[in-house]
Amino acid sequence: MLFNFLLFYREEIDFRLSACHLHHNIRPLTADEDEEFVRNLCSQEKIELDVRKVDVPALAQERKLSLEAAGRVARHEFFRDLITKYSPGTEGSCRIALAHHADDAVETFLLNLGRGSGSRGVSTMRISDDYIIRPLLEMREEQLREIALAENIAWREDETNLSDEFLRNRIRHHLLPLWTDLLNYDVTPVLLRYINSAREDEDYLSDLAENAAKSALLPDGSLSTVFLADQEPAIQKRILRIYLEKHYRNELSTDQAEISSAHLSALSSSINNAVHGDKKQRLHYLPQSVVAEVSESRVLLLNNEQL
């Protein structure tokens with residue numbers, strides 16, 4: 001559906017359109033068929049196609065991630081490489097368009113809520129987010145299927161979407177229908193309104209934290225615990241998240257930091273104790289072998305080999 005939307009939109013506003021497909025190797029036979037479907041579609045419309053094959057199960061084992069998380073890592077690494085490839089020859093901006101819709105946003109909200117990711121996590125899926133755009137995000141899946149049927153648009157269902165092996169699918173197939181059945185109304189529009197409200201609050205607080213983070217940064221690249229201890233908890237934790245995500249992106253070349261509100265709460269408690277309490281130094285073990293050393297003066301990020 002996204003492919004056809006972009007073809008139609010290109011008639012209104014001229015832009016260069018190309019497609020990409022990631023073969024996850026989770027179910028090789030049907031994945032091969034998915035790739036062939038995409039190749040035929042692009043061939044019919046004379047659209048350039050980039051294909052990458054990644055052994056996601058092996059990646060999950062190597063990095064100690066779930067299949068879902070490993071797939072997300074593989075996709076975003078692919079997207080970053082495509083932006084690097086196409087940006088130099090692009091007049092204006094270069095974007096990756098994803099086919100997420102409103103029901104995806106609700107599922108992501110519930111996933112992040114269950115992970116304890118806080119208000120930022122519940123509002124994480126946006127129409128425009130850096131080089132990612134989601135043109136269909138405000139439409140329900142049912143609407144998209146109705147349009148596809150009415151316009152005789154062919155689509156192919158990813159076989160992994162049908163399996164309850166994945167948590168997202170269990171939320172889609174069981175939790176949301178049961179919730180709707182128990183309350184006797186569709187819960188998705190209610191949750192979408194909450195997500196939009198949380199996004200507005202989060203944007204405001206994040207802007208405050210971005211400015212404060214500059215003052216918290218010390219010359220050696222660590223964070224001042226003295227400065228952090230004087231901040232309101234909502235701002236303090238956001239400064240920590242900004243700092244950690246920048247470290248993961250720059251030092252580990254990944255956007256998938258998987259930092260939860262539990263990590264941030266533990267760090268916050270140690271910072272307040274280091275400055276106003278027992279003054280003890282503490283170590284916090286974070287995802288992907290990153291260690292945060294919290295002392296009376298600073299928060300310093302290390303890896304296990306540096307301890």
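Bear in mind that the values in this text are calculations on the coordinates, not laboratory data. These figures come from a predicted structure and were not determined experimentally. Cβ: placed from backbone, ideal geometry, glycine included. Neighbour counts: every protein chain shown.
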Crossing angle, helix 188-216 versus the chain [Cα axis fit, 0-90 degrees, rounded to tens]: 40
Unit charges at the beta carbon, dipole of the chain: most positive-side option, 215, 100, 82: 215
Helix axis angle, 141-150 relative to the chain longest principal axis, alpha carbon, degrees: 20
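Pairwise over distinct Cα atoms, reciprocal of the mean inverse distance: report the Kirkwood radius of the range 220-306 in Å, one decimal place. Let's see the in-between values first.
Values: mean 1/r = 0.0778 Å⁻¹.
Every distinct Cα pair counted, the radius reaches 12.9 Å.
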Under 5 Å, built H, 5+ apart or other chain: amide partners of residue 50: 19, 20, 21
Helix 261-276 vs. the chain, principal-axis angle (Cα, 0 to 90°, nearest 10): 20
Cα-centre dipole for the chain with unit charges at Cβ (Lys and Arg positive, Asp and Glu negative), debye to 20: 960
Positive dipole terminus of the range 220-306, leading residue within 252, 300, 224 (C-beta point charges): 224
The chain - mean residue ellipticity at 222 nm from DSSP helices (-39,500 (n - 2.57) per run, n ≥ 4, rounded to 500): -17000 deg cm²/dmol
Contact order normalised by residue count of the range 110-229, Cα under 8 Å, 6+ apart, percent: 26
Hull shadow area, averaged, the chain [alpha-carbon convex hull, nm²]: 18.9
Virtual paramagnetic centre 7 Å along Cα→Cβ of residue 168, amide N under 17 Å, in the range 66-88: 66-80
